[in-house]
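The values are calculated or read from the model by the stated rules, or taken from the named source; none is laboratory data. Treat the numbers as computed from the prediction; the structure is a model and nothing was measured. With ideal geometry, Cβ positions are generated from the backbone for all residues, glycine too; neighbour counts draw on all protein chains shown.
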Amino acid sequence: MSSDGNIKKLREWLNSNPTIQELKSKAKELGLKVKRMMKKREVIKLMENYIKKQEKMNEMENKVKPSSNSSPSHPTPEKQKSIKNPEQEEIIIPETYNKDKLILMPVNPNWIHLYWDFSDDTRKILSNLPQGTRIFLRIYDVTYIEFNGNNAHRTYEIPVDIGIQKNYYLNVPMPNADYLAELGYVTRDGRFVAVLRSNLCRTPSNSPSQSTRERWLDIRKKRKIVTPSDGPVVKEVERIAGSIFKLEKEIYKTLSGKSSRWQLISILRSGRGI
Amino acid sequence: MPKGNILFVLHAHLPYVHHPQYDFFLEENWLFEAITETYVPILRMLRRLESEKKKFSFTMSITPPLMEMLANEDLQQKYIKRMEKLIELAEKEVSRTRSEHPKKHKMAKFYLEDFKEILYIFKEVYKGNILTGFKEYMEKGFVDIITSNATHGFLPFMEQYPQAIRAQIEQGVKTYEKHMGIKPRGIWLAECAYFPGLDKYLAEYGIEYFFVDSHGFWYADERPRYGVYRPVVTPNNVFVFARDPESSEQVWSADIGYPGDGRYREFYRDIGFDREYEYIKPYIDPSGVRTNTGIKYHKVTSKDIPQNQKEFYDIEEARQAAKEHALDFLKKKEAQASHLLNLFEGLEPIIVAPFDAELFGHWWFEGPIFLEEFMRNAYGNKYIRTMKASDIVDIVEKVQIVTPAASTWGANGYNEVWLNGSNDWIYLHLHELVEKMTEAASKYSSPSKTPVEIRRALNQMARELLLAQSSDWAFIMTTNTSVEYAVNRTKTHVKRFLELYDMVISGKIDMGRLSHIEWIDDIFPEIDYTMYLKV
């Protein structure tokens, strides 16, 4: 994402007479196509065009978004400008804590997010595996089971590239179910060896209960009563779940000024009902 | 005669933004705008309705970070300064608009008077701390003020760390007590996010009730007989209310909600952007970045009309619209209540309508008028009455026992607003911080035997952790606006936490640095790190 400030800096840098090597590496950083045979002035030209384009885009952005008003629920569309880095320096935080971790988190009834982190020992084990050993994630449906390694209702697996990935979104079939994951590798003779095991993760429910009883509490008499249920007196009208893509569309609509702030907030607060 | 009970819940929340090392900081405006446009107007409404002797009730959550900001003297002074500048600008506008357009001129005069009154209420009536106003109306019995978890952290993502959940709740309870003088009876869970089992922690801290979204009841372990229209109680004896989807939709659905009416004020057209730069420069951000001032002359006109063709706003016309909408909503509630009363064979339905408080005034300028007109006209109504949650908890005699389903009030009803490709990277850090906090706290499990500088460092670690956990940062990353601020805040708190952790573990505390961090992240002065021992 480029912003007025960054572009200004880039222009200043360009005017400071950088070397051809510096120019080329900067251009690559910006995602520009740099050919090996390019001359210095050609690279400069390339970057100047890029700067012009960015400036135009910023200008347009500012035109369609006349407001810089912000609030946490409604932050400002003026990127960058609002930002002061309170410490006036780039904030670098660790990419790993060198700890074994495989964490599942529920996203919605059919998606689970999973991330991992490795200790030095685990990293060593994984990097010393014979050439061509495949790393897998195994997902177990262990709803109402004391898992012992091979009694899951269902077992799924998916190959992962731990060299480039640190997390994963898993599409799982059952809402209101308990899932457990293992990260491991497959030996030459086809055995799965688990290296890390995750926490237990329950997907949220998305349908009414099949239970046929009601429990009641009589507060005055401090008594519990269990009765058969005739079902609810008032029937709910459920909304079909939207997709995350719809959300992106709505965010875009607001960013581009096509819809209002309160409308986006309304959607982001719409739950299952509205 | 039995009536339908309308339970408005206004959730007032802003993340903790205080940068004492700067005279101006753009994001501090979030608070200042909300004070001017939402919080003081709500107090004004309370005073008017009270003086008219109109009985009314609603529930309002004021989150701990918001309480801490409202009570912060530095922020109070900054707000007063900002309002004085704004009044100066409004005075200029009054003379300038005289030759421009009568409608603009009329509004300029309106703003001048309004800003003066708001500053008077803030400075003279409440001596800078408007919390005392809300406290007053709670003590008079008009409103329930409830708390929220400490920094509005998203609790379902702390499920594997009971101590992190307890710390969020404990600090939420303590901060409320500090400002309100009593223990909170109810809580608004950040993002209305609940998972089965969370009620156990609430019960530990004496919380009597909380709220969930509609599907928390629809998909509960047993079906609530009266749907979302009666509270239930969890097996841990905590009352739960569920959102009525109809009320939410009628008021603020993106398609048909009231705020879309053409007569209402247009949010985007602000003189901070419309006036020439040299003129407006002293009233926007000192860095020269144009910002909203709060002075706006245009109305929505129609949704499809471009910003530069919006017509002039008229406050009388808008007031009329808000009145009409309040009466329309009242009619809809009457119809809904009679229908439910019939179905329930005389048992009183409870219709829960929760909203972001900032919708009223900040996003929807005329929202406070709508609310006031609704309350005014609901008084003495034959079919409905307004209610607050604590009253219902006090009078219910028989209640169904139910464990609600995992749910939030976010888009699609679950967790994807706070967990997606734009923000998933934060959780590795948030989880690790909890583990390190717990580890460091266990090393010094007896505070009386812990050297004071270590104690201070541990307490500051707890502050950094709580601040990093605010659900607002993940939310802002999702909305793709102000992202850099949210990313910076997350990283900054992680970094400061780790720095302090290293000091504590090595036993070498850099007092200068510690004091500096205590000064710039100054939430919860009385925090006690030992809450992280409650594993």
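The residue pairs whose first member lies in the range B:236-258 and is among the charged types (D, E, K, R), whose second member is in a loop (DSSP other than H, G, I, E, B) and buried (at least 22 other Cβ atoms within 10 Å of the Cβ), and whose beta carbons are closer than 6 Å, counting only pairs six or more residues apart or on different chains, are B:Arg243/B:Asp213; B:Glu249/A:Ile274. When B:Glu222, B:Glu278 are checked against the criterion of being facing chain A (nearest Cβ under 9 Å) and more than 24 Å from the chain's Cα centre (by Cα), B:Glu222 stands alone in meeting it. Remark: A:Glu238 falls outside the filter, which requires a residue to be closer than 30 Å to A:Ile112 by Cα and not in a loop (DSSP other than H, G, I, E, B).
Does at least one position in the range B:401-416 carry a residue that is surrounded by fewer than 24 Cβ atoms within 10 Å (Cβ to Cβ), out of contact with any strand residue (DSSP E or B) (no Cβ under 6 Å at 6 or more places or on another chain), modelled with pLDDT of 95 or more and within 30 Å of B:Ser214 (Cβ to Cβ)? Yes: the range B:401-416 contains one or more residues that are surrounded by fewer than 24 Cβ atoms within 10 Å (Cβ to Cβ), out of contact with any strand residue (DSSP E or B) (no Cβ under 6 Å at 6 or more places or on another chain), modelled with pLDDT of 95 or more and within 30 Å of B:Ser214 (Cβ to Cβ).
Is there a residue being over 23 Å from B:Phe58 (Cα atoms), within 11 Å of chain A (Cβ to nearest Cβ) and hydrophobic (A, V, I, L, M, F, W, C) anywhere in the range B:310-329? No, the range B:310-329 has no match at all.
The single condition from (1) more than 22 Å from B:Met158 (Cα to Cα); (2) under 31 Å from the mean Cα position of the chain (by Cα); (3) among the acidic types (Asp, Glu) that B:Asp510 fails is (2). Inspection of the range A:252-265 finds a residue satisfying the criterion of being touching a His at 6+ places or on another chain (Cβ under 7 Å) and facing chain B (nearest Cβ under 10 Å).
Could you check, for the range A:139-159, whether at least one of its residues is in contact (Cβ under 8 Å) with a residue 60 or more places away in the chain and out of contact with any helix residue (DSSP H, G or I) (no Cβ under 7 Å at 6 or more places or on another chain)? No - not one qualifying residue is present in the range A:139-159.
Within the range A:142-161, if we keep just the residues that are of a type in the set (A, V, I, L, M) and either over 26 Å from the mean Cα position of the chain (by Cα) or part of a loop (DSSP other than H, G, I, E, B) (or both), the residue that is farthest from the other protein chains (Cβ to nearest Cβ) turns out to be A:Ala152. From the list B:Leu430, B:Leu465, the lone residue that is within 11 Å of chain A (Cβ to nearest Cβ), within 31 Å of the chain's Cα centre (by Cα) and either within 19 Å of B:Pro15 (Cβ to Cβ) or surrounded by fewer than 18 Cβ atoms within 10 Å (Cβ to Cβ) (or both) is B:Leu430. Taking the listed residues B:Leu14, B:Leu31, B:Leu10, B:Leu46, the one that is in a strand (DSSP E or B) and either at pLDDT 95 or above or over 23 Å from B:Val125 (Cα atoms) (or both) is B:Leu10, with no other qualifying. Total residues in the range B:361-393 satisfying the condition of being under 25 Å from B:His215 (Cα atoms) and either of a type in the set (A, V, I, L, M) or within 14 Å of chain A (Cβ to nearest Cβ) (or both): the figure is 5. In the list A:Leu183, A:Leu196, A:Leu170, which residue meets the criterion of being of a type outside the set (Asp, Glu), within 27 Å of B:Ser422 (Cβ to Cβ) and in contact with a helix residue (DSSP H, G or I) (Cβ under 8 Å, 6 or more places away or on another chain)? Checking each option against the conditions leaves just A:Leu196. For the range B:441-454, filtered to residues that are among the small types (Gly, Ala, Ser) and outside any helix (DSSP H, G or I), the residue that is nearest to A:Lys101 (Cα to Cα) is B:Ser445. Based on what the data block shows, is B:Thr438 more than 12 Å from every other protein chain (Cβ to nearest Cβ), assigned to a helix (DSSP H, G or I), surrounded by fewer than 22 Cβ atoms within 10 Å (Cβ to Cβ) and at pLDDT 95 or above? Yes, satisfied.
Is it fair to say B:Lys81 is surrounded by fewer than 16 Cβ atoms within 10 Å (Cβ to Cβ) and not polar (S, T, N, Q)? Yes, satisfied. Filtered by the rule that a residue be more than 8 Å from every other protein chain (Cβ to nearest Cβ), closer than 14 Å to B:Trp425 by Cα and in contact with a Phe, Trp or Tyr (Cβ under 7 Å, 6 or more places away or on another chain), the range A:103-134 gives A:Leu104, A:Leu114.
Any idea which residue in the range B:25-40 is nearest to the other protein chains (Cβ to nearest Cβ), counting only those that are in contact (Cβ under 8 Å) with a residue 24 or more places away in the chain and aromatic (Phe, Trp, Tyr)? The extreme case among them is B:Phe32.
When only residues in the range A:146-167 that are of a type in the set (Val, Ile, Thr) and within 27 Å of B:Ser422 (Cβ to Cβ) count, which is modelled with the lowest pLDDT? Outline the logic, then answer.
The first filter runs over the range A:146-167 and keeps only residues of a type in the set (Val, Ile, Thr), leaving A:155, A:158, A:160, A:162, A:164.
Filter again for within 27 Å of B:Ser422 (Cβ to Cβ), leaving A:158, A:160, A:162, A:164.
Values: A:Ile158: 95, A:Val160: 94, A:Ile162: 91, A:Ile164: 88.
Among those that are of a type in the set (Val, Ile, Thr) and within 27 Å of B:Ser422 (Cβ to Cβ), it is A:Ile164.
Residues considered: A:Ser25, A:Ser2, A:Ser16. Of these, the only one that is of a type outside the set (Asp, Glu), on the phi < 0 side of the Ramachandran plot and modelled with pLDDT under 60 is A:Ser2.
Residues in the range B:80-103: is at least one assigned to a loop (DSSP other than H, G, I, E, B) and touching a residue at least 40 places away in the same chain (Cβ under 8 Å)?
In the first step, residues of the range B:80-103 are kept if they are assigned to a loop (DSSP other than H, G, I, E, B); the result is B:98-101.
From what's left, touching a residue at least 40 places away in the same chain (Cβ under 8 Å): B:101.
Yes, there is a match, as at least one residue in the range B:80-103 is assigned to a loop (DSSP other than H, G, I, E, B) and touching a residue at least 40 places away in the same chain (Cβ under 8 Å).
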